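Data block below; observations after.
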Amino acid sequence: MKIVVCIKQVPDTKGGVKFNPDGTLDRAAMLAIMNPDDKAGLEAALRIKDETGAEVTVLTMGLPKADDVLREALAMGADNAILVTDRVLGGADTWATSTTIAGALRNLDYDLIITGRQAIDGDTAQVGPQIAEHLGIPVISYAEDIKVEGDSVIVKRQYEDRYHMLKAKMPCLITALSELNTPRYMTPGGIFDAYEKEVTVWGRADLKDVDDSDLGLKGSPTKIAKASDKVRKGAGEKVTLDASESVSYIMDKLKEKHVI
Amino acid sequence: MDFGLDKKHEMARTLFKEFAETEVKPLAQEVDETEVFPAETVKKMAKSGFMGIPVPKEYGGQGCDPLTYVMCVEELSKVCATTGVIVSAHTSLCIDPILTYGTEEQKEKYVRPLATGEKLGAFALTEPGAGTDAQGAQTKAVLDGDEWVLNGSKCFITNGKVADVYIVIAITSVTEDKRGRKKKNFSAFIVEKGAPGFSFGTKEKKMGIRGSSTYELIFEDCRIPKDALLGPEGKGFPIAMHTLDGGRIGIAAQALGIAEGALERAIAYTKERKQFGRSIAQQQNTQFKLADMATRVEAAQMLVYKAAKAKETQKVYSVEAAKAKLFAAETAMAVTTEVVQLFGGYGYIREYDVERMMRDAKITEIYEGTSEVQRMVISGALLK
């Protein structure tokens with residue numbers, strides 16, 4: 001069985017988000033980490049590898065320094081790593097990104113593709129399903145649990161107030177939630193090995209069946225008008241009253257704020 | 001000369017730091033308060049390969065260099081010195097001598113389960129009457145047919161009751177020199193937990209590293225196989241000394257970690273603590289103390305990393321190890337004492353980590369050769 005996990009190097013937002021004067025992310029000022037949902041997806045793949053001996057390949061699109069997250073994935077136990085990097089791919093939105101990654105994936109044999117649900121720097125949750133669409137394979141998003149059964153996967157998909165149990169025949173694509181598992185640590189020996197291994201580097205010329213008009217900034221229909229950090233909510237107000245008093249209290253507050 | 005770390009060592013540090021912050025730090029206070037050995041943490045460390053970092057892969061280890069191992073002990077000790085010494089004693093004092101002096105059979109039998117963390121190791125040299133002066137030792141081993149018979153006791157043994165494999169140094173003969181003075185000749189043995197006649201005495205109640213299992217080992221007609229001898233008969237003393245050279249680098253890393261951990265807390269605390277309307281970090285007294293501590297800590301780190309590199313590239317590294325341990329241990333003691341002072345009354349309260357760190361630091365000036373012994377080693381090489 002062959003699994004490809006798509007991962008992304010993202011800025012660590014734990015310490016807050018920093019912007020350049022033009023409104024774009026100041027990536028240099030923030031620590032770069034493996035996107036948490038992607039890391040859970042990688043762990044899911046490695047668990048399948050532990051059970052079945054599957055071959056796990058990690059793939060990322062990004063700047064040359066995205067090599068760091070690929071080495072981290074290798075140190076956790078992935079077998080192969082591919083970096084898709086090219087100046088013409090820069091500034092890609094979700095459409096151009098998924099087109100690029102699908103173009104890279106067309107070079108590979110795979111039974112299962114796992115992506116994270118969404119990246120913490122963009123929060124769109126679009127790239128995974130778009131890749132599946134480009135490749136013409138089924139997609140199951142928001143996976144909380146993944147089981148491989150014969151030539152199919154059984155996935156517990158998170159939903160607003162319930163979950164769905166879905167079965168899909170491979171090849172297919174799954175988007176993983178960070179709640180899926182607790183990713184393993186790298187091992188010191190794994191780190192040493194990771195730096196001995198070769199990371200395959202692909203550029204524009206290695207992408208299969210894609211048009212230049214769908215790539216990079218030029219191929220991105222999304223235009224960012226403005227970006228800002230999350231507005232922190234106030235602490236709120238806590239009151240302890242019985243049910244009927246609470247209702248009147250809330251009604252008064254809503255009237256006071258002209259909500260009703 | 002390159003003072004920077006390469007990418008793989010940087011990544012290894014990231015791993016150790018993340019593990020220490022996530023798995024070790026939350027338990028550090030409890031481990032100290034309850035004096036309970038952190039067995040679950042050791043299991044997690046085993047799973048992540050921390051129990052055999054400098055051991056070749058062919059024996060189940062991680063195949064990394066001594067520097068990577070030193071960085072692991074350093075990062076663990078930043079948050080919990082107990083956890084740091086568990087790894088250090090296990091790796092430097094038990095695995096290392098078997099790897100260096102063991103037969104192929106001994107390496108296969110013992111190093112593999114030790115390196116994977118399936119088993120834990122310890123080292124027993126010190127006796128009630130023999131600390132710095134090894135000639136004061138009383139524990140004897142006598143060959144009886146196909147077995148060695150051990151009698152005596154060892155004290156202050158790290159990983160004492162929780163270990164599975166022990167390196168035990170015992171007298172195997174007494175010879176007289178030309179002037180008729182008696183000289184005890186030692187040999188090293190590998191003793192497994194459960195050997196007949198091997199039992200544990202009292203658990204030591206310590207000032208610091210209180211979660212570390214420190215016990216007395218008792219040997220009463222303890223019978224072990226003939227092939228439990230480690231290295232040649234009569235070479236136990238040089239084996240022990242060489243083992244301690246490596247051990248000292250581990251303890252130097254532990255001391256370095258304690259000092260770094262205390263300094264990190266001092267930086268955070270002095271920025272928050274306000275007196276006379278401004279943070280104490282804005283007072284020049286604090287700034288100068290922080291500057292002195294940071295300089296000293298970095299100097300200690302360089303000596304420790306240099307010793308780790310010497311262990312990798314040189315056959316003999318006694319002086320490098322002695323200098324690293326001497327300076328790092330005295331740095332740990334000086335820095336933690338100063339940091340408690342900067343914390344004022346809060347520094348004396350157990351709720352704050354720095355109180356524990358000051359207690360933990362003291363042992364680094366004592367075990368695996370006191371600071372006085374390190375000065376003897378260094379000056380001995382100078383005056384040779």
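The values are calculated or read from the model by the stated rules, or taken from the named source; none is laboratory data. Please read these numbers as outputs of a predicted model, since none were measured by experiment. Every residue, glycine among them, receives a Cβ derived from its backbone with ideal geometry; neighbour counts consider all protein chains shown.
Could you please find all residues in segment A:161-205 being among the aromatic types (Phe, Trp, Tyr) and out of contact with any strand residue (DSSP E or B) (no Cβ under 7 Å at 6 or more places or on another chain)?
A:Tyr185, A:Phe192, A:Tyr195
Here's the yes/no breakdown for (1) in contact with a helix residue (DSSP H, G or I) (Cβ under 6 Å, 6 or more places away or on another chain); (2) closer than 18 Å to A:Met61 by Cβ:
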{"residue": "A:Glu133", "(1), (2)": "no, yes"}
{"residue": "A:Asp145", "(1), (2)": "no, no"}
{"residue": "A:Lys156", "(1), (2)": "no, no"}
{"residue": "A:His164", "(1), (2)": "no, no"}
{"residue": "A:Thr175", "(1), (2)": "yes, yes"}
{"residue": "A:Pro183", "(1), (2)": "yes, no"}
{"residue": "A:Glu196", "(1), (2)": "no, no"}
{"residue": "A:Leu207", "(1), (2)": "yes, yes"}
{"residue": "A:Leu217", "(1), (2)": "no, yes"}
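When the residues of segment A:186-205 are filtered to those that are part of a loop (DSSP other than H, G, I, E, B) and more than 11 Å from every other protein chain (Cβ to nearest Cβ), the one that is surrounded by the fewest Cβ atoms within 10 Å (Cβ to Cβ) is A:Glu198. Selection of segment B:171-211 for residues being assigned to a strand (DSSP E or B), over 30 Å from B:Val79 (Cα atoms) and among the basic types (Lys, Arg) yields B:Lys182, B:Lys183, B:Lys184. Segment B:308-384 holds helices (runs of 4 or more DSSP H) entirely within its bounds, and those carrying 2 or more residues that are small (Gly, Ala, Ser) and over 19 Å from the mean Cα position of the chain (by Cα) map to B:371-382. Of all residues in segment B:22-63, those satisfying the criterion of being without any contact (Cβ under 8 Å) to a residue 60 or more places away in the chain and either within 12 Å of B:Thr83 (Cβ to Cβ) or away from chain A (no Cβ under 14 Å) (or both) are B:Glu23, B:Val24, B:Lys25, B:Pro26, B:Leu27, B:Glu30, B:Glu40, B:Thr41, B:Lys44.
Restricted to segment A:64-155, the set of strands (runs of 3 or more DSSP E) holding at least 3 residues that are crowded, with 24+ Cβ neighbours inside 10 Å comprises A:112-116.
Restricting B:Val73, B:Val55, B:Val24, B:Val87 to residues that are part of a helix (DSSP H, G or I), in contact with a Cys (Cβ under 9 Å, 6 or more places away or on another chain) and under 28 Å from B:Met241 (Cβ atoms) narrows the list to B:Val87. Are any residues in segment A:142-171 under 13 Å from A:Met1 (Cβ atoms) and of a type in the set (Val, Ile, Thr), and if so, which ones? Within segment A:142-171, A:Ile146, A:Val148, A:Val153 qualify.
Pick out the one residue from B:Thr243, B:Thr270 that is under 25 Å from B:Leu67 (Cα atoms) and part of a helix (DSSP H, G or I). Before you say what the answer is, go through the steps one by one.
Details: B:Thr270 fails: under 25 Å from B:Leu67 (Cα atoms).
When all the criteria are applied, what remains is B:Thr243.
Go through segment B:81-93 and give me each residue that's among the hydroxyl-bearing types (Ser, Thr, Tyr) and within 14 Å of chain A (Cβ to nearest Cβ).
Step one: filter segment B:81-93 for residues among the hydroxyl-bearing types (Ser, Thr, Tyr), giving B:82-83, B:88, B:91-92.
Once the filter is applied, which keeps residues that are among the hydroxyl-bearing types (Ser, Thr, Tyr) and within 14 Å of chain A (Cβ to nearest Cβ), segment B:81-93 yields only B:Thr91.
In segment B:70-80, is there at least one residue being crowded, with 24+ Cβ neighbours inside 10 Å, within 14 Å of chain A (Cβ to nearest Cβ), modelled with pLDDT of 95 or more and in contact with a Leu (Cβ under 8 Å, 6 or more places away or on another chain)? Walk me through how you get there before you give the answer.
The initial filter retains those residues of segment B:70-80 that are crowded, with 24+ Cβ neighbours inside 10 Å, namely B:70-80.
So of that shortlist, the ones also within 14 Å of chain A (Cβ to nearest Cβ) come out as B:70-76.
The next check asks that each one be modelled with pLDDT of 95 or more; those that pass are B:70-76.
Okay, now just the ones that are also in contact with a Leu (Cβ under 8 Å, 6 or more places away or on another chain), so B:74.
Checking segment B:70-80: at least one residue is crowded, with 24+ Cβ neighbours inside 10 Å, within 14 Å of chain A (Cβ to nearest Cβ), modelled with pLDDT of 95 or more and in contact with a Leu (Cβ under 8 Å, 6 or more places away or on another chain).
Within segment B:119-170, being surrounded by fewer than 23 Cβ atoms within 10 Å (Cβ to Cβ), in contact with a Phe, Trp or Tyr (Cβ under 6 Å, 6 or more places away or on another chain) and assigned to a loop (DSSP other than H, G, I, E, B) holds for B:Thr126, B:Lys161, B:Val162. Of the residues B:Thr270, B:Thr295, the single one that is touching a strand residue (DSSP E or B) at 6+ places or on another chain (Cβ under 9 Å) and at pLDDT 95 or above is B:Thr270. For segment A:167-185, filtered to residues that are of a type outside the set (Ser, Thr, Tyr) and within 14 Å of chain B (Cβ to nearest Cβ), the residue that is farthest from A:Ile114 (Cα to Cα) is A:Arg184. Within segment A:206-220, the set of residues being touching a strand residue (DSSP E or B) at 6+ places or on another chain (Cβ under 9 Å) and outside any helix (DSSP H, G or I) comprises A:Leu207 only.
Test A:Asn35 against the stated conditions and say whether it is over 18 Å from A:Ala66 (Cα atoms) and not hydrophobic (A, V, I, L, M, F, W, C). Even if it seems obvious, please write down each step before you answer.
Details: over 18 Å from A:Ala66 (Cα atoms): no; not hydrophobic (A, V, I, L, M, F, W, C): yes.
In short, no.
Would you confirm whether or not segment B:133-142 contains a residue that is closer than 23 Å to B:Ser92 by Cβ and free of Cβ contacts under 8 Å to residues at least 12 places away in the same chain? Checked against the condition, which is being closer than 23 Å to B:Ser92 by Cβ and free of Cβ contacts under 8 Å to residues at least 12 places away in the same chain, segment B:133-142 yields at least one hit. For first residues located in segment A:37-55 and touching a residue at least 24 places away in the same chain (Cβ under 8 Å), partners that are among the β-branched types (Val, Ile, Thr) and assigned to a helix (DSSP H, G or I) and lie 6+ apart or on another chain with Cβ distances below 7 Å form the pairs A:Ala54/A:Ile48.
The residue list B:Arg296, B:Arg248 contains one member that is in contact (Cβ under 8 Å) with a residue 60 or more places away in the chain, part of a helix (DSSP H, G or I), basic (Lys, Arg) and closer than 24 Å to B:Gly84 by Cβ, which is B:Arg248.
Filter segment A:6-31 down to the residues that are at pLDDT 90 or above and either more than 15 Å from the chain's Cα centre (by Cα) or not in a loop (DSSP other than H, G, I, E, B) (or both), then identify the one that is nearest to A:Thr97 (Cα to Cα).
Residues of segment A:6-31 at pLDDT 90 or above: A:6-10.
Among the residues that remain, those that are also either more than 15 Å from the chain's Cα centre (by Cα) or not in a loop (DSSP other than H, G, I, E, B) (or both) are: A:6, A:9-10.
Working: A:Cys6: 11, A:Gln9: 14, A:Val10: 14 Å.
Top of the filtered list is A:Cys6.
Could you grab the pairs with beta carbons closer than 8 Å, sequence gap of 6+ or different chains, first residue in segment B:1-12 and closer than 13 Å to A:Met186 by Cα, second one of a type in the set (Gly, Ala, Ser) and modelled with pLDDT of 90 or more? Hits for this filter: B:Lys8/A:Ala194; B:Met11/A:Ala75; B:Met11/A:Ala194. Among the numbered conditions (1) in contact with an Asp or Glu (Cβ under 7 Å, 6 or more places away or on another chain); (2) touching a residue at least 24 places away in the same chain (Cβ under 8 Å); (3) of a type in the set (Phe, Trp, Tyr), the only one that A:Tyr163 does not meet is (2).
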